[in-house]
1. Filtering region 46-85 down to residues that are of a type in the set (A, V, I, L, M) and without any contact (Cβ under 8 Å) to a residue 40 or more places away in the chain, which residue is surrounded by the fewest Cβ atoms within 10 Å (Cβ to Cβ)?
2. With Arg88, Arg161 as the choices, which residue is in a loop (DSSP other than H, G, I, E, B) and either surrounded by 14 or more Cβ atoms within 10 Å (Cβ to Cβ) or not basic (Lys, Arg) (or both)?
3. Of the numbered conditions (1) at pLDDT below 50; (2) in a helix (DSSP H, G or I), Arg95 satisfies every one except a single condition; which is it?
4. Which one of Glu163, Glu130 is modelled with pLDDT under 95 and within 17 Å of Ala69 (Cα to Cα)?
5. Determine, yes or no, whether Asp105 is surrounded by 19 or more Cβ atoms within 10 Å (Cβ to Cβ), of a type in the set (Asp, Glu) and assigned to a helix (DSSP H, G or I).
Amino acid sequence: MSTARKLTPASLAAVLALTIAPAAQAQSQTAPAPVTASVAESGTVAPVSRQDRAYLRQAHRGHLAEIAAGKAALRESRDRGVREIAWRLIRDHRRLDARLRHVADRLDVWLPDAPSAEQRAALRAVTDREGRRFDRAWLRLQADAHYRSLRLGQAELRLGRSEWVKDLARDSAPVIRHHLRMIRDEQ
């Protein structure tokens with residue numbers, strides 16, 4: 001009779017355990033399981049700094065405000081340059097915000113669902129104007145908002161802890177600078 005037939009189910013399980021356990025241990029020593037920057041081994045989200053949370057929330061509100069401002073310019077302005085900038089802002093800020101929301105979800109950071117009251121009031125003040133007055137006020141509002149966005153990103157790069165969030169700030173800076181050049185050229 002062969003050896004396999006002589007083993008009882010309990011002894012077969014013991015033999016398998018003795019042969020599989022060392023192999024699994026050797027594999028775990030040579031190739032550790034990948035761990036993301038924000039997820040600990042227990043599956044819980046690692047702490048995110050107050051600076052990182054503030055950046056995510058403020059940048060998200062900024063994106064929402066830029067999208068709303070772009071839509072307002074498409075409704076109100078007849079100037080071709082302003083309308084082109086508005087389309088670009090809507091497209092770029094939607095892309096930036098989609099990536100930001102993905103990172104915020106992964107880091108379990110709550111995001112607001114609208115621009116701040118100050119941002120909404122500033123846009124209302126601009127939309128109360130007509131014609132060329134609207135265009136000039138809208139371009140000034142966009143320039144101010146983009147300067148604030150650059151400063152926000154610089155603060156995140158200096159003080160932030162999460163590499164994911166710092167990557168967002170680093171990657172959005174060239175887009176924001178490009179928007180500023182477009183706005184300044186139109187002013």
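1. Taking region 46-85 first, the residues of a type in the set (A, V, I, L, M) are 46, 48, 54, 56, 59, 64-65, 67-69, 72-74, 82, 85.
Checking the rest, the ones that are also without any contact (Cβ under 8 Å) to a residue 40 or more places away in the chain come to 46, 54, 67, 74.
On the way: Ala46: 15, Ala54: 17, Ile67: 19, Leu74: 13.
This residue is Leu74.
2. Details: Arg88 fails: in a loop (DSSP other than H, G, I, E, B).
The match here is Arg161.
3. So the condition that Arg95 fails would be (1).
4. Numbers: Glu163 fails: within 17 Å of Ala69 (Cα to Cα).
Selected residue: Glu130, the only one of Glu163, Glu130 that is modelled with pLDDT under 95 and within 17 Å of Ala69 (Cα to Cα).
5. Values: surrounded by 19 or more Cβ atoms within 10 Å (Cβ to Cβ): no; of a type in the set (Asp, Glu): yes; assigned to a helix (DSSP H, G or I): yes.
No.
The values are calculated or read from the model by the stated rules, or taken from the named source; none is laboratory data. Here the structure is a predicted model, which is why all the values come from computation and not from measurement. All Cβ positions, glycine included, derive from the backbone under ideal geometry; neighbour counts span all protein chains shown.
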